[in-house]
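Engineer: Let me give you the structure first, and then I'll get to my questions.
The values are calculated or read from the model by the stated rules, or taken from the named source; none is laboratory data. Fair warning: this is a prediction, and the values are worked out from it, not measured in the lab. Methodologically, a virtual Cβ is constructed for each residue, glycine included, from the backbone with ideal geometry; neighbour enumeration extends over all protein chains shown. To get the accessible areas, we keep the full protein, side chains included, count just its heavy atoms, and leave off ligands, DNA and RNA. Shrake-Rupley method; radii C 1.70, N 1.55, O 1.52, S 1.80 Å.
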Amino acid sequence: MVLATCARLTAALRLGSREIPFTFRSLATATMASSNHESSSKQETQRRNAACRKMSGWQIHSYGSPEEEIQFNEGIKMPILKSPTQLLVKVKASSVNPIDVAMINGYGASVLNAMRCKDGGIEFPLILGRDFCGEIVQKGLGISSRELEVGDEVWGVVPVHLQGCHAEYVAVEKYCLFKKPADLNKIDASAVLYAGLTAWSGLYITGHLGDLLGAISPVGGGAGKKVLVLGATGGVGTLVVQMLLAERVEVFATCSPDAIQMVRNLGVDVVLDYTDPTHVQNLASVGRFDIVLDCAGKGSDYANEVPWKFDQYITFNSPVLKNIDTDGFAAGMIQNATSLVRNNMASLGAQKGLVKWGYFVPAPQGIAYLQRLVEKGKLLPVVEKVFPYANIPEAYERVAQKHLRGKIVIDYE
């Protein structure tokens, strides 16, 4: 006896300028033991049918430059749900992040491709795109209606080794997806999670700003501490200063002279022009920082090039994947360890603190933390420009030029 009837969902397949309606079934079907064979047969049929569905998207077929490699394809197979905890989302908006451009150039290819193939994927063609906003059109059996339902508007992220969201549909695990905050429109919602989770993990997982509780839950923390943010104008920088201010942290920031007023408008009182050589000594006179957070790509060596005192220097410009790409896994990891030890010995020898690397971590407690700040009105992304879906290559080009003032967003509708 069938316990959960297959849910019919309606969508549209775009062929040229025409939209042809079609119906497909959810994979979420449960049966009694006596009907296992029938259920298995139905699910296999559903998988074959879903595999025939097509969508449009932007892909790369080899590594190179964005203007040469990213290509539009209207005949991509729609993703199918491979586990009971996955969901299929129709994407309404997404953002382009520096990691997307770096991956086109081959960054992390060795490790990320190994992870991709381990999960049953292939290296090419590859769809990029890490964070998005959209609507659930299908969900697995392991997801209750109390959690998420078909038709819910959601925001989410895609782990970097998986096929991304720069296409009409994306399949993601439940832990990467939350209901979209009601106060955010789709453009703003698509611009928060990748950069926000990078900032959150740098502060709370790598930097322990909120101690253990801040790393394993969405409570945040860090009131009364002192943090210097290098490069406060990009996607990560504009979000991290808002997070720190919401936690009542004393914030100092650096940026280019034309962006100083923008950072002050975010609420930072002390903003210094990094092109002015005097900013180094001005910051040295402030005293010891709990964290110096490098969002400007300065790297680990910079910690020992400046006279600032700190308990922790955390950079998002980690050499880990680059060294493995260049020298192979074993030699690359030896080089990574050597570099980290050398930086820390020099830093500690100068009576500074630890030098660490920060990363994007798609943690559900991090998404919950960002959602809480958004719902309290304390976090809003800065969006530099919105590009239409048809102009995604232009969006990649803008990100490749660097010196962003917030996020670059793609509007699919």
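Engineer: Restricted to the range 77-102, and to residues that are closer than 30 Å to Ser145 by Cα and β-branched (Val, Ile, Thr), which residue is farthest from the chain's Cα centre (by Cα)? Please lay out each step first, then the result.
Structural biologist: So in the range 77-102, the residues closer than 30 Å to Ser145 by Cα come out as 77-95.
Imposing the further condition that a residue be β-branched (Val, Ile, Thr) reduces the set to 80, 85, 89, 91.
On the way: Ile80: 22, Thr85: 20, Val89: 16, Val91: 15 Å.
Only one residue fits best here, namely Ile80.
Engineer: How many residues, within the range 168-207, are over 18 Å from Val292 (Cα atoms) and either free of Cβ contacts under 8 Å to residues at least 40 places away in the same chain or in a loop (DSSP other than H, G, I, E, B) (or both)?
Structural biologist: As a first pass, look at the range 168-207 and keep what is over 18 Å from Val292 (Cα atoms): 168-194.
If we keep only those that are either free of Cβ contacts under 8 Å to residues at least 40 places away in the same chain or in a loop (DSSP other than H, G, I, E, B) (or both) as well, we get 168, 179-185, 190-192.
Residues flagged as over 18 Å from Val292 (Cα atoms) and either free of Cβ contacts under 8 Å to residues at least 40 places away in the same chain or in a loop (DSSP other than H, G, I, E, B) (or both) within the range 168-207 amount to 11.
Engineer: When residues of the range 317-332 are filtered for being closer than 23 Å to Asp294 by Cα and open to solvent by 80 Å² or more (accessible area, probe 1.4 Å), how many remain?
Structural biologist: 1
Engineer: Identify the single condition in (1) within 18 Å of Asn97 (Cα to Cα); (2) part of a helix (DSSP H, G or I); (3) open to solvent by less than 10 Å² (accessible area, probe 1.4 Å) that Val263 does not satisfy, given that it satisfies every other one.
Structural biologist: Condition not satisfied by Val263: (1).
Engineer: Please state which of the following conditions Leu213 fails to meet, knowing it meets all the rest: (1) under 17 Å from Leu380 (Cα atoms); (2) open to solvent by 20 Å² or more (accessible area, probe 1.4 Å).
Structural biologist: Among (1) under 17 Å from Leu380 (Cα atoms); (2) open to solvent by 20 Å² or more (accessible area, probe 1.4 Å), Leu213 violates only (1).
Engineer: On to the next question. Could you look through the range 266-314, keep only residues that are of a type in the set (S, T, N, Q) and not in a loop (DSSP other than H, G, I, E, B), and pick out the one that is farthest from Trp357 (Cα to Cα)? Let's see the steps before the verdict.
Structural biologist: Of the range 266-314, the ones of a type in the set (S, T, N, Q) are 275, 278, 281-282, 285, 300, 304, 312.
Those left that are additionally not in a loop (DSSP other than H, G, I, E, B): 278, 281-282, 304, 312.
Details: Thr278: 27, Gln281: 25, Asn282: 25, Asn304: 15, Gln312: 10 Å.
Of everything passing the filter in the range 266-314, Thr278 is farthest from Trp357 (Cα to Cα).
Engineer: Right, next: Could you say which residue among Val341, Val374 is at negative phi, in a helix (DSSP H, G or I), surrounded by 15 or more Cβ atoms within 10 Å (Cβ to Cβ) and not charged (D, E, K, R)?
Structural biologist: Numbers: Val341 fails: surrounded by 15 or more Cβ atoms within 10 Å (Cβ to Cβ).
Only one candidate passes the filter, namely Val374.
Engineer: List, please: which pairs have Cβ atoms under 9 Å, are six or more places apart or on different chains, and start with a residue in the range 257-280 that is on the phi > 0 side of the Ramachandran plot and end with one that is surrounded by 15 or more Cβ atoms within 10 Å (Cβ to Cβ)?
Structural biologist: These pairs meet every condition: Gly267/Val241; Gly267/Gln242; Gly267/Leu245; Gly267/Val251.
Engineer: Hey, another quick one. Looking for whichever is crowded, with 16+ Cβ neighbours inside 10 Å and either without any contact (Cβ under 8 Å) to a residue 60 or more places away in the chain or assigned to a loop (DSSP other than H, G, I, E, B) (or both) here; the options are Leu81, Leu112, Leu87. Which one fits? Walk me through it before giving the result.
Structural biologist: Values: Leu112 fails: either without any contact (Cβ under 8 Å) to a residue 60 or more places away in the chain or assigned to a loop (DSSP other than H, G, I, E, B) (or both); Leu87 fails: either without any contact (Cβ under 8 Å) to a residue 60 or more places away in the chain or assigned to a loop (DSSP other than H, G, I, E, B) (or both).
Answer to the check: Leu81.
Engineer: Test Pro381 against the criterion of being more than 19 Å from Val241 (Cα to Cα) and either touching a residue at least 40 places away in the same chain (Cβ under 8 Å) or surrounded by 17 or more Cβ atoms within 10 Å (Cβ to Cβ) (or both), and give yes or no. Don't jump to the end; show me each part of the working.
Structural biologist: Working: more than 19 Å from Val241 (Cα to Cα): no; either touching a residue at least 40 places away in the same chain (Cβ under 8 Å) or surrounded by 17 or more Cβ atoms within 10 Å (Cβ to Cβ) (or both): yes.
The answer is no for Pro381.
Engineer: Regarding Cys165, is this residue in contact with a Pro (Cβ under 9 Å, 6 or more places away or on another chain), touching a residue at least 12 places away in the same chain (Cβ under 8 Å) and buried (at least 22 other Cβ atoms within 10 Å of the Cβ)?
Structural biologist: So Cys165 fails the test.
Engineer: So which residues in the range 115-140 are buried (at least 19 other Cβ atoms within 10 Å of the Cβ) and of a type in the set (Gly, Ala, Ser), if there are any at all?
Structural biologist: Residues satisfying the conditions are Gly129, Gly134, Gly140.
Engineer: Would you call Val219 under 26 Å from the mean Cα position of the chain (by Cα), open to solvent by 30 Å² or more (accessible area, probe 1.4 Å), modelled with pLDDT of 95 or more and farther than 24 Å from Ala102 by Cβ?
Structural biologist: Criteria met by Val219.
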